[in-house]
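> Input: one structure, supplied below.
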Amino acid sequence: MHYRVRGLDPRSFRPLFDLAEDALQAQSARMLVADDSTPGFPCRVSLAHAAPGERLLLVNFEHQPAASPYRSRHAIYVAEGSKAAFDGVDELPEPLRVRTLSIRSFDADGMMIDADVVDGATPEPLIRRMLADRNAAYLHAHFAKRGCYAARIERAN
């Protein structure tokens, strides 16, 4: 079974890069500059690490808007230079590969039906097992240590 990984649409974040610090704080956001920390600052649009010196938004994002008990928001990074959302089939981006992941499976009503933790270097068996469940509508990958939303994973056609 093939899977597709998608980053977030950059259009909803573009206007935030023009806001002053107080206006960002009013929206629960902060502007940061990436340093050379390892493993880096994972942008949720490009699904790549931001380059040292690149401006980033740290923003609270609703990644699970379903009208269910699992509705959820968390902090994410968005790099200013990210112009297009990552969209790859059978390709897990490097920021996910170098971290431990929590992968959660949801049905069409936004109810969690499965979850597990996996080394990002080898998540494919878990992803394929979860997507093989006919009740699974999509998966969410989270960075296990901090709990931040990483990416949406779904069946590829």
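> Give region 9-38 a look and list any residue that's open to solvent by 60 Å² or more (accessible area, probe 1.4 Å) and under 19 Å from residue 88 (Cβ atoms), or say none.
9
> Tally up the residues in region 131-157 that are of a type in the set (Lys, Arg) and either open to solvent by less than 20 Å² (accessible area, probe 1.4 Å) or closer than 14 Å to residue 118 by Cα (or both), please.
Of the residues in that region, 1 qualify.
> Kindly indicate the residue of region 105-130 that is part of a strand (DSSP E or B) and acidic (Asp, Glu) and also least open to solvent (accessible area, probe 1.4 Å) among those meeting that condition. I'd like the intermediate steps shown before the answer.
Keep residues of region 105-130 that are part of a strand (DSSP E or B), which gives 105-106, 112-119.
Filter again for acidic (Asp, Glu), leaving 114, 116, 119.
Numbers: 114: 47, 116: 71, 119: 89 Å².
That would be 114.
> Any residue in region 21-35 that is touching a Gly at 6+ places or on another chain (Cβ under 9 Å), closer than 24 Å to residue 144 by Cα and without any contact (Cβ under 8 Å) to a residue 40 or more places away in the chain?
yes
> Restricting to region 57-74, what's the tally of residues that are under 26 Å from residue 131 (Cα atoms) and not in a loop (DSSP other than H, G, I, E, B)?
7
> Of the residues that sit in region 75-86 and are more than 9 Å from residue 45 (Cβ to Cβ) and in a loop (DSSP other than H, G, I, E, B), which one is modelled with the lowest pLDDT?
Ranking the candidates gives 81 first.
> Can I ask one more? From the residues in region 61-92 that are free of Cβ contacts under 8 Å to residues at least 60 places away in the same chain and open to solvent by 60 Å² or more (accessible area, probe 1.4 Å), which one is nearest to the chain's Cα centre (by Cα)?
Among those that are free of Cβ contacts under 8 Å to residues at least 60 places away in the same chain and open to solvent by 60 Å² or more (accessible area, probe 1.4 Å), it is 73.
The values are calculated or read from the model by the stated rules, or taken from the named source; none is laboratory data. Just so we're clear, the structure is a prediction, and the values are computed from it rather than from any experiment. Counting neighbours? That spans all protein chains shown, and the Cβs are built from the backbone with ideal geometry, glycine included. These area figures cover heavy atoms from the full protein model, side chains too; ligands, DNA and RNA do not enter into them. Shrake-Rupley method; radii C 1.70, N 1.55, O 1.52, S 1.80 Å.
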